[in-house]
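Asker: Here you go, one structure.
Every number in this text was worked out from the coordinates using simple rules, so none of it is lab data. This one's a predicted model, so the numbers in the text were calculated from it and none came from an experiment. When we count neighbours, we look across all protein chains shown, and the Cβ atoms used for this are built from the backbone with ideal geometry, even at glycine.
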Amino acid sequence: MAISNLQKARAAYQPKLPKALQGPVKAVEGAATQSVGNQDEIKELFPNTYGMPVITFEPGEPVALPPFNVGIILSGGQAPGGHNVISGLFDGVKSLNPANKLYGFILGPGGLVDHNYMEITSEIMDQYRNTGGFDIIGSGRTKLEEEDQFEKGIQILRELNIKALVIIGGDDSNTNACVLAEYYAAKKYGVQVIGCPKTIDGDLKNEQIETSFGFDTACKTYSELIGNIQRDCNSARKYWHFIKLMGRSASHIALECALQCQPNICLISEEVEAKAMSLDDVVTYIAEAVSARAKDGNNFGTVLIPEGIIEFIPAIKKLIAELNDVLATPEAQTINNGNEQIEFVKQHISAGNLTTFNSLPADVAAQLALDRDPHGNVQVSLIETEKLLSRMVADKLAVWKKEGKYVGKFGSQHHFFGYEGRCAAPSNYDADYCYSLGYNASRLIANDKTGYMSVIKNTTAPAAEWIAGGVPITMMMNLEKRNGKMKPVIRKALVELDGAPFKFFAANREKWAKETEYVYPGPIQYWGPTEVCDQTTKTLQLEQAK
């Protein structure tokens with residue numbers, strides 16, 4: 001395997017661990033827990049894994065453990081730091097007993113079902129330390145939901161003498177981990193299941209999970225690109241750059257990048273919904289900022305747009321909800337022709353939603369009515385919202401120009417940053433955080449825990465002061481409608497409009513809109529002063545008042 005000079009140098013980096021994990025541990029149990037919503041229903045669905053206490057690890061006495069094996073799965077989209085979770089788990093498992101083995105299931109949860117696996121040896125592991133990507137074993141989006149899958153899984157787990165399975169994923173993947181943990185506990189199969197919080201979108205967090213891994217690196221990667229664009233924008237002074245960013249369900253990435261770069265405009269989906277803004281309201285908001293800058297001779301600027309904003313516009317959100325129900329019907333499932341599906345939709349949605357549907361540009365309406373992701377949701381990343389908004393802004397400005405309300409020139413450029421950030425080499429923060437999550441998972445396994453998520457807290461402090469432990473996955477769950485049915489899922493964390501990060505942004509955005517106070521963050525730094533190399537996200541700093 002050919003490696004770059006950077007990778008060679010990064011391989012020598014030893015990630016930092018919380019003090020509690022630097023030797024033997026003891027598990028300190030907190031009070032019993034309950035789910036964030038639908039307590040009675042969740043308790044009934046998960047009788048064997050519901051109500052367990054939060055676990056905190058403290059330094060303890062050495063305990064000799066017999067050899068055991070562990071399996072690991074990477075699930076869903078890539079996020080920087082995945083390899084470090086695996087290296088932390090590998091080192092943690094080996095530190096408990098050198099005879100322990102770690103098996104990786106190939107290409108995600110499907111590898112468990114299909115019995116496709118490999119042993120991760122030290123020679124293999126050493127090639128991937130502190131690197132981006134999930135390519136050590138690959139990832140996949142197979143959902144572990146059916147009893148047949150669970151039974152096929154237990155066959156290979158028993159064959160490999162695997163004591164515990166660690167699933168690295170986002171909210172859906174960890175929901176599957178919780179279901180699997182409950183099934184194996186109910187059947188008394190003796191296999192533990194542990195989750196790790198991964199998603200660059202940043203929407204897998206709560207009072208126990210400070211941040212999902214990969215968010216820090218992805219935002220720093222996007223912010224470098226945005227800063228480069230802003231420098232170009234401020235040099236050429238003739239374009240408005242509309243930049244769409246990852247974040248279908250929440251605007252954490254857009255908000256964090258705005259805090260790092262100070263763009264002229266940043267839309268926050270949660271605010272759009274809270275203010276019940278229409279598509280025209282959003283367009284008018286942007287156009288007014290463009291017009292105000294034009295009066296100062298500044299016919300340029302930057303606009304950050306969350307990927308999923310169109311789903312947060314109330315009228316369109318209502319339309320999408322009904323489209324999801326209509327398209328989940330057996331009759332709709334038999335239609336293979338796009339035009340026929342659009343006509344079917346028009347005939348089966350309410351009059352109000354039909355009016356909204358017909359008001360949209362034809363290409364956007366078609367995208368809403370056709371493609372769905374594996375969870376039955378609109379594939380908002382396929383909707384070119386950045387082009388839709390710039391087109392509508394241009395149209396509005398043209399009208400204003402005829403009316404003498406606009407004096408500038410409007411040219412636009414479009415960008416969508418998604419894949420660019422998913423496999424970046426992890427920042428020092430993510431390298432340390434992910435390694436700690438994996439190492440911590442080995443301690444949850446050693447303490448015979450199942451149905452838990454590995455958590456590391458207090459991460460704005462030096463790594464030695466981080467707090468390690470575990471949280472029952474059922475604690476984060478509620479019931480939500482998926483594919484027309486109510487299902488138990490981990491509740492997504494949206495941007496809190498009364499939270500410190502948004503409040504700081506809201507207090508500064510008018511100044512940023514009018515003036516050109518761009519910040520150019522530059523590339524991620526791995527060596528140098530700690531204030532350059534080891535900083536957490538602005539979001540975490542503001543949330544923890546650091």
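Asker: Where a Cα-Cα gap under 22 Å defines reach, which lysines qualify for residue 487, not counting those fewer than 8 residues away within the same chain?
Answerer: Straight-line reach from residue 487, under 22 Å: 43, 143, 187, 198, 205, 317, 318.
Asker: Would you please name the chymotrypsin sites (Phe, Trp or Tyr not before Pro) within the range 199-283 that are DSSP coil residues with at most 15 other C-beta atoms within 10 Å of their C-beta?
Answerer: none
Asker: Here is a follow-up. Report the gain in length on full extension from residue 525 to residue 187: 0.36 nm times residue separation, minus Cα-Cα distance, nm rounded to one decimal.
Answerer: 116.8 nm
Asker: Scan around residue 166 for amide H atoms under 5 Å from its own, H built in the peptide plane at 1.01 Å from N, and keep only partners 5 or more places away or cross-chain.
Answerer: The answer is 71, 72, 73, 194.
Asker: Also, quick follow-up: Can you list the residues of the range 150-179 with backbone N under 18 Å from a point 7 Å past the Cα of residue 97, pointing along Cα to Cβ?
Answerer: Inside the label zone: 157-166.
Asker: Would you mind pulling out the separation of the Cα centroids of the range 143-218 and the range 399-426, in Å?
Answerer: 39 Å
Asker: Once fully extended, how much extra length lies between residue 275 and residue 331, figured as 0.36 nm per residue of separation less the alpha-carbon to alpha-carbon distance?
Answerer: So the extension gain works out to 16.5 nm.
Asker: For the range 155-236, which trypsin sites (Lys or Arg not before Pro) pass both filters: DSSP loop (anything but H, G, I, E, B) and at most 12 other C-beta atoms within 10 Å?
Answerer: Qualifying residues, ordered by number: 188.
Asker: Only loop residues by DSSP count here, and only those with at most 10 other Cβ atoms within 10 Å; note down the GluC sites (Glu not before Pro) in the range 393-488 that meet that.
Answerer: Passing sites in the range 393-488 are 403.
Asker: Taking R0 as 25 Å, what's the FRET efficiency between residue 402 and residue 318 from their Cβ-Cβ distance, rounded to 0.05?
Answerer: After rounding to 0.05, the efficiency reads 0.15.
Asker: To the nearest 0.05, how large is the calculated FRET efficiency for residue 545 and residue 487 if R₀ is 30 Å and r is the Cβ-Cβ distance?
Answerer: After rounding to 0.05, the efficiency reads 0.25.
Asker: Could you tell me which of rounded, prolate or oblate describes the range 72-202, using a ≥ b ≥ c as the square roots of the eigenvalues of the alpha-carbon gyration tensor, with rounded for a/c under 1.5 and, failing that, prolate when a/b is larger than b/c and oblate otherwise?
Answerer: It is oblate, given that a/c is not under 1.5 and a/b is not larger than b/c.
Asker: With n ≥ 4 as the cut-off for DSSP H runs, can you work out [θ] at 222 nm for the chain, using -39500 (n - 2.57) per run divided by the number of residues, rounded to the nearest 500?
Answerer: -13000 deg cm²/dmol
Asker: Taking the highest mean first, how do the peptides 247-256, 293-302 order by number of other beta carbon atoms within 10 angstrom per residue?
Answerer: The densest-packed peptide leads the list: 247-256, 293-302.
Asker: Among 49, 217, 355, 142, which comes first, then next, by fewest other beta-carbon atoms within 10 Å?
Answerer: Fewest-to-most Cβ neighbours within 10 Å comes out as 355, 142, 49, 217.
Asker: So which of 94/457; 16/457; 295/396 end up more than 20 Å apart, counting from Cα to Cα?
Answerer: From the list (94/457; 16/457; 295/396), the Cα-Cα distance tops 20 Å for 94/457.
Asker: Next up: Please say if the range 179-334 is rounded, prolate or oblate, where rounded means a/c under 1.5 for a ≥ b ≥ c the square roots of the C-alpha gyration tensor eigenvalues, and otherwise the choice is prolate for a/b larger than b/c and oblate otherwise?
Answerer: oblate
Asker: Continuing with the same structure: Gain in length, residue 351 to residue 409, computed as 0.36 nm per residue apart minus the alpha-carbon separation, to one decimal in nm?
Answerer: Here the answer is 16.9 nm.
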